[in-house]
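Accompanying notes for the structure given below.
Read-outs: derived from the displayed coordinates by stated rules, not from any lab. Since the structure is predicted, the reported quantities are computational estimates derived from the model, not experimental observations. Ideal geometry is used to build each Cβ from the backbone, glycine not excepted, and the neighbour counts take in all protein chains shown.
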Amino acid sequence: MTAEVLEGALEQVESHLHPEGSFDVDAHAVPTGREEIWRFTPLKRLRDIHANAPLAGTSFEASFDAPDNVRADRHEDDSLKGVSGLVPWDRISARALAEATSSLAVTIPAEAVLERPVFVTIKGTGTDEATAAHLVIRAEKFSKATVVLRFEGSMTLADNVEIVVEDGAQLAVVSIDDWADDAVHVGHRHIRVGRDAQFKHVDITFGGDVVRHDTTADYSGPGGAVEMLGLYFADAGQHIEHRLFVDHTAPKTKSHVVYKGALQGEKAHTVWIGNVLIRKVAEGIETYEENRNLVLTDGCQADSVPNLEIETGEIEGAGHASATARFDDEQLFYLRSRGISEKEAQRLVVHGFFNDLIRQVGVAELEESLAATVEAELAKNVLAGAL
Amino acid sequence: MSTLEIKNLQVSVDTEDGAKEILKGVTLTIKDGETHAIMGPNGSGKSTTAYSIAGHPKYQITGGEVLLDGENVLEMSVDERARAGLFLAMQYPVEVPGVSMSNFLRTAKTALDGEAPKLRTWVKDVNGALDRMKLDTAFSSRSVNEGFSGGEKKRAEIAQLDLLDPKFAILDEIDSGLDIDALKVVSDGINDYAAREGKGLLLITHYTRILRYVKPDVVHVFVDGRIAESGGPELADELEANGYEKYVGTQAAGV
């Protein structure tokens with residue numbers, strides 16, 4: 001089903017969840033911070049990428065490592081822009097798409113089962129000039145693959161990642177924002193999930209000054225399943241924002257979203273917006289979304305807003321949960337009653353809080369390195385004696 | 001020789017209507033080699049005694065002291081009390097998602113001993129303790145208490161008692177919610193522990209059932225935050241036959 005057919009088949013929904021999209025940059029006014037989609041974001045720290053800052057920077061090194069049967073092509077034209085059905089719904093996405101001079105397309109051939117993950121690494125080397133980037137990941141029919149996107153170093157990046165999971169394919173995309181402290185990253189991801197396809201997104205955000213991810217998914221046929229797992233850790237002064245939108249555009253589709261975050265230090269701020277729309281056509285779907293935040297010190301702020309909009313009564317299940325809490329005194333008491341010091345008990349609880357999610361990643365070769373990344377982050381923070 | 005002395009312990013908790021006094025002066029002494037049972041109706045202060053000694057932040061100590069070999073444990077933090085040799089098996093063991101039993105047990109053992117246990121013997125010790133409690137060794141890779149049935153949680157508490165080997169153990173309603181087979185397994189574990197050199201045991205229970213398997217030297221009856229009567233094992237038999245009516249009745253008559 002092409003994008004046009006899909007859009008024709010769906011009724012217009014006056015959804016408050018999402019503004020209408022446009023490829024035209026001028027159709028998106030420069031945000032003031034009062035708009036619903038911008039009200040949590042510290043615009044002043046975006047280095048004007050939301051306004052008119054040039055996006056032609058080249059201060060980064062990209063590397064690509066994949067099995068031989070994976071194709072990587074660079075398209076020096078606009079042919080792939082919007083290929084997943086992405087229509088930019090905010091100015092940064094529109095600007096990043098318009099100003100990207102090329103698109104990198106990573107294609108997993110039909111029926112290929114990759115023996116090892118594809119790695120795409122962006123290592124920033126400077127924040128002075130902002131960069132626009134466009135990446136397309138396509139898992140062709142019945143293929144099975146894991147793609148790891150790694151972001152490191154110092155950079156000002158506005159990117160769009162379009163992901164097409166064709167019918168019957170199984171794709172996992174693991175995105176790791178492990179930036180230096182001065183990086184700014186505003187990323188948009190759109191995923192189109194085919195008939196009976198399975199998509200898993202693992203979204204890990206640790207570093208950076210401001211990191212904002214808009215991740216949206218819809219379905220081009222029945223039977224598709226999306227799992228989105230997120231893990232974030234905000235230190236003093238850091239802003240990490242996740243805005244998710246799962247648009248159930250086909251019957252018998254599933255979505256399961258769990259994001260977990262920890263905050264520590266003065267003015268650490270996290271935002272999680274979880275939007276789910278169940279359209280009239282989307283009968284028999286199942287959706288669940290959950291966000292949990294662990295606030296480790298005073299002076300942090302965790303905003304968490306789940307939204308569920310339902311246009312049909314014929315659904316299998318729909319639920320959401322959101323909780324923001326400090327350490328659970330009963331857990332700490334239990335651990336300490338066995339002789340474990342307060343600090344060590346806190347470290348165990350935070351470790352467990354994240355580990356619980358890492359276990360669900362289900363990509364064996366990554367779980368260990370993710371656990372190690374979490375451990376390193378905890379060592380910098382919880383273990384550093386700040387508690 | 002080890003001794004746990006509870007002297008005139010007074011404890012209150014904060015409620016919406018202000019501080020509420022729960023323990024109104026409890027005094028008892030347990031020497032090593034002894035097993036004491038505390039029995040009493042709901043709300044008499046049995047669990048409060050256990051949690052206060054372990055240092056749960058919910059309880060305010062308003063008077064008295066608790067001495068372990070002459071040292072006042074009430075001045076210690078929760079984990080210092082455990083390192084001094086106290087252990088509390090809880091009525092409702094807490095789930096800690098994402099932390100494996102093996103990680104938890106090794107961390108606790110390391111904290112108690114001041115050094116990490118020898119890897120080779122430790123795995124064997126953990127598996128042995130689980131096995132004695134009829135818990136599959138797969139439990140060591142599961143999250144602490146998460147998804148355990150009520151009985152499995154209780155058996156896991158006794159497996160910890162076995163491994164961590166404290167001087168004094170306080171078991172808070174370890175028997176509640178156990179079927180007869182699980183009760184026997186748990187009782188065997190408690191008896192194995194109590195038979196070790198220099199151990200003291202305080203067994204808190206609502207029912208006399210477990211006292212058929214774990215024989216107390218002394219039985220205390222708690223009523224309204226005080227010890228109403230202390231005696232030998234025969235006191236448990238009397239309670240089995242007559243219940244708490246006599247004590248509650250006396251109290252009611254006294255008021």
Log entry: pair-distance distribution for the stretch B:3-254, C-alpha pairs binned every 10 Å from zero, whole % per bin is 7, 30, 36, 21, 5, 1, 0
Projecting the Cα atoms of A:His28, A:His201, A:Ala250 onto the charge dipole of chain A, where Lys and Arg contribute +1 and Asp and Glu -1 at Cβ, the residue farthest towards the positive end is A:His201
Percent antiparallel among DSSP beta bridges confined to the stretch A:3-326, rounded to 5, stands at 10 percent
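Kindly provide the helix-only [θ] at 222 nm of chain B, computed as the sum of -39,500 (n - 2.57) over DSSP H runs of four or more divided by all residues, to the nearest 500 deg cm²/dmol? Kindly include the intermediate steps, with their values, before the conclusion.
Values: 8 runs with 92 residues, N = 255.
It comes out at -11000 deg cm²/dmol, rounded to the nearest 500.
Tell me, A:Ile240, A:Ile310, A:Ile163 in order of fewest to most beta-carbon neighbours within 10 Å? Write out the running numbers ahead of the final one.
Details: A:Ile240 28, A:Ile310 16, A:Ile163 25.
By the 10 Å Cβ count, ascending, the order reads A:Ile310, A:Ile163, A:Ile240.
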Inter-part gap, Cα centre of the stretch A:147-197 to Cα centre of the stretch A:262-307, in whole angstrom, is 19 Å
With a ≥ b ≥ c from the Cα gyration tensor eigenvalues, square-rooted, and the rule rounded for a/c under 1.5, otherwise prolate when a/b > b/c and oblate otherwise, the stretch A:3-326 is rounded
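Please state, as a whole number in µm²/s, the translational diffusion coefficient that the Stokes-Einstein equation yields for the protein assembly as shown at 25 °C and 0.890 mPa s, with Rh defined as the Kirkwood radius across alpha carbon pairs.
Values: Rh = 27.8 Å.
D, rounded to a whole number, is 88 µm²/s.
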Once the in-chain neighbours fewer than 8 apart are removed, the lysines whose Cα is under 25 Å from B:Lys199 read B:Lys7, B:Lys31, B:Lys46, B:Lys109, B:Lys118, B:Lys124, B:Lys134, B:Lys153, B:Lys154, B:Lys167, B:Lys184, B:Lys215
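How would the stretch A:328-387 be classified by its alpha-carbon gyration tensor: rounded, prolate or oblate, with rounded meaning a/c under 1.5 and the a/b versus b/c comparison settling the rest?
Working: a/c = 3.05, a/b = 1.64, b/c = 1.86.
Cα axes put the stretch A:328-387 in the oblate bin.
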For the stretch B:126-137, Karplus-derived ³J(HN,Hα) couplings (6.51, -1.76, 1.60; θ = phi - 60°; whole Hz; x for glycine and proline) come out as 5, 4, x, 5, 5, 4, 5, 8, 6, 10, 4, 5
Highest GNM mean-square fluctuation among A:Asp328, A:Asp159, A:Asp90, for chain A with Cα springs under 10 Å, belongs to A:Asp328
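How much of the DSSP beta bridge set in the protein assembly as shown is antiparallel, as a percent to the nearest 5? Could the numbers behind the result be given before it?
Working: 40 of 186 bridges.
Percentage antiparallel, nearest 5: 20.
Dipole magnitude of chain A about its Cα centre, charges +1 at Lys/Arg Cβ and -1 at Asp/Glu Cβ only, in debye to the nearest 20? The partial results should precede the final answer.
Values: 36 positive and 64 negative charges, 131 e Å.
Around 620 debye, computed over chain A.
Per-residue ellipticity at 222 nm for chain A, helices alone: DSSP H runs ≥ 4 residues times -39500 (n - 2.57), over residue total, nearest 500 deg cm²/dmol? Could the numbers behind the result be given before it?
Values: 5 runs with 58 residues, N = 387.
So the helix-based figure for chain A works out to -4500 deg cm²/dmol.
Magnitude of the Cβ-charge dipole of the stretch B:3-254, K/R +1 and D/E -1, about the Cα centre, nearest 20 debye? If you can, show how the numbers build up before the last one.
Working: 28 positive and 40 negative charges, 108 e Å.
Its charge dipole is roughly 520 debye.
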For the stretch B:211-225, in residue order, the Karplus 3J(HN,Hα) values (coefficients 6.51, -1.76, 1.60; θ = phi - 60°; whole Hz; Gly and Pro = x) are 6, 6, 9, 10, 8, x, 7, 9, 10, 10, 9, 8, 9, 6, x
Between A:Leu308 and residues 5 or more places away or on another chain, the pairs with built amide H atoms under 5 Å apart involve A:Val276
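Mind checking the stretch B:115-219 for GluC sites (Glu not before Pro) that DSSP puts in a loop (not H, G, I, E or B) and that have at most 15 other Cβ atoms within 10 Å?
On the way: sites: B:Glu115, B:Glu146, B:Glu152, B:Glu157, B:Glu173, B:Glu197; in loops: B:Glu115, B:Glu146, B:Glu173, B:Glu197.
Sites meeting the loop and neighbour criteria: B:Glu115, B:Glu197.
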Spelling it out for A:Asp78: with amide H atoms placed in the peptide plane at 1.01 Å from N, the residues 5 or more places away or on another chain with amide H under 5 Å from its amide H are none
Bridge orientation stat for the stretch B:3-254 from DSSP, antiparallel percent rounded to 5, came to 60 percent
Residue by residue through the stretch A:320-333, the couplings from Karplus 6.51 cos²θ - 1.76 cosθ + 1.60 with θ = phi - 60°, in Hz, x for Gly and Pro, are 8, 8, 9, 8, 10, 8, 8, 4, 7, 4, 5, 5, 5, 4
